[in-house]
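The values are calculated or read from the model by the stated rules, or taken from the named source; none is laboratory data. Keep in mind the model is a prediction, meaning the values are calculated, not measured. Backbone-built Cβ (ideal geometry, glycine too); neighbour counts: all protein chains shown.
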Amino acid sequence: MTAHPVARRLVAEADRVLGYPLIDRYREAEARGAGGAFPEPARIAYLVGCLALAEWAVTERGVQPAVCAGASFGGTPAAVQCGALSFGDAVLVTAEWGRRAEAYFAREHRDVVTQSFARVPAEVLAEIRGELDARGEWNEVACQVDHDFHMLSVREGVLDRLQGRLRAAGGLPLYVMRPPMHSPLFGALREEMAAEVMAGVPFGDPRVPLVSDHDGSLVETAAGVRELLLDAAVRPVRWPMVVDTLRSLGVRQAHVTGEDALWGRVEIMTGAFEVVAVKPQTAMRPRRRSVFV
């Protein structure tokens, strides 16, 4: 982000939009370890990184995307990449969404957390959720990453019992998300974003189709993209449905832009596509040049 020309251009634009130096704030947040797992400078840096690497892949590798998709936070850079949202507006939306979400969860649903876990097939998860339901304990699937990789939102008091039950079923509990996301319970946050943030943001029809990470449908209108981003607050991510749609469109190669420890690496992706990881290290390698003597 400090050396690559594409990333530097986007950082400069982000600085103008935000009114502060992104790189400096990002380094300060890292040094403090403050602002939760994904503070504002990190969210903006994520946006910059994804889009800079996507642009590099198009210009330097000749990639011509036929369709775009983004999971959870990735929905905003995907909306930019497909031409439905300007980069400057994406920076504003990302910053404002984070600020409002932090304020919302500081006063509402403070006991709700999201547990991620692997090695638990859908049918076993259904049994575990049935047990929770029988005890009157609220639970909702926030995300399905793969056929055996999920994220489940519960009240914090249930967390220890849930983790023990997952291990007993052969599962592997991973990280806990605070604040949570992707639940109908958070409808007030969606309404606030729709009325006070998104209402003034211009969207356009995507130049290439955008796949909804909620149900795998194709989003081909400006209004549809706006609703897709707003629905991130209240609808779960269903990544297997995205994969099904991509396969039905004949996709054989998927370029995953940005540092990725999850979405492009799970079996449902690697089994369906040739996954090309487009990482900062890749873009920073010196290009080989032919020399004639």
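For the residues Pro240, Pro206, the requirement of being of a type outside the set (Asp, Glu) and assigned to a loop (DSSP other than H, G, I, E, B) singles out Pro206.
Somewhere in the range 179-199, is a residue free of Cβ contacts under 8 Å to residues at least 24 places away in the same chain, surrounded by fewer than 19 Cβ atoms within 10 Å (Cβ to Cβ) and within 18 Å of Ala118 (Cα to Cα)? Scanning the range 179-199 turns up no residue that is free of Cβ contacts under 8 Å to residues at least 24 places away in the same chain, surrounded by fewer than 19 Cβ atoms within 10 Å (Cβ to Cβ) and within 18 Å of Ala118 (Cα to Cα).
Here is a yes/no grid of residues against (1) aliphatic (A, V, I, L, M); (2) over 16 Å from Gly171 (Cα atoms); (3) in a loop (DSSP other than H, G, I, E, B):
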| position | (1), (2), (3) |
| --- | --- |
| Thr114 | no, no, no |
| Val120 | yes, no, yes |
| Val124 | yes, no, no |
| Arg129 | no, no, no |
| Val145 | yes, no, no |
| Met151 | yes, no, no |
| Val154 | yes, yes, no |
| Val158 | yes, yes, no |
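A residue that is among the β-branched types (Val, Ile, Thr) and touching a strand residue (DSSP E or B) at 6+ places or on another chain (Cβ under 9 Å) occurs somewhere in the range 199-215. Candidates are the residues of the range 1-54 that are of a type outside the set (Gly, Ala, Ser), at pLDDT 95 or above and in a loop (DSSP other than H, G, I, E, B); the one that is surrounded by the most Cβ atoms within 10 Å (Cβ to Cβ) is Pro21.
Of all residues in the range 4-48, those satisfying the criterion of being among the small types (Gly, Ala, Ser) and touching a helix residue (DSSP H, G or I) at 6+ places or on another chain (Cβ under 7 Å) are Ala7, Ala14, Ala29, Gly35, Ala42, Ala45.
Residue count for the range 199-235, restricted to those that are more than 27 Å from Leu249 (Cβ to Cβ) and at pLDDT 95 or above: 3. For the range 56-86, residues that are assigned to a helix (DSSP H, G or I), crowded, with 20+ Cβ neighbours inside 10 Å and of a type outside the set (Gly, Ala, Ser) total 5.
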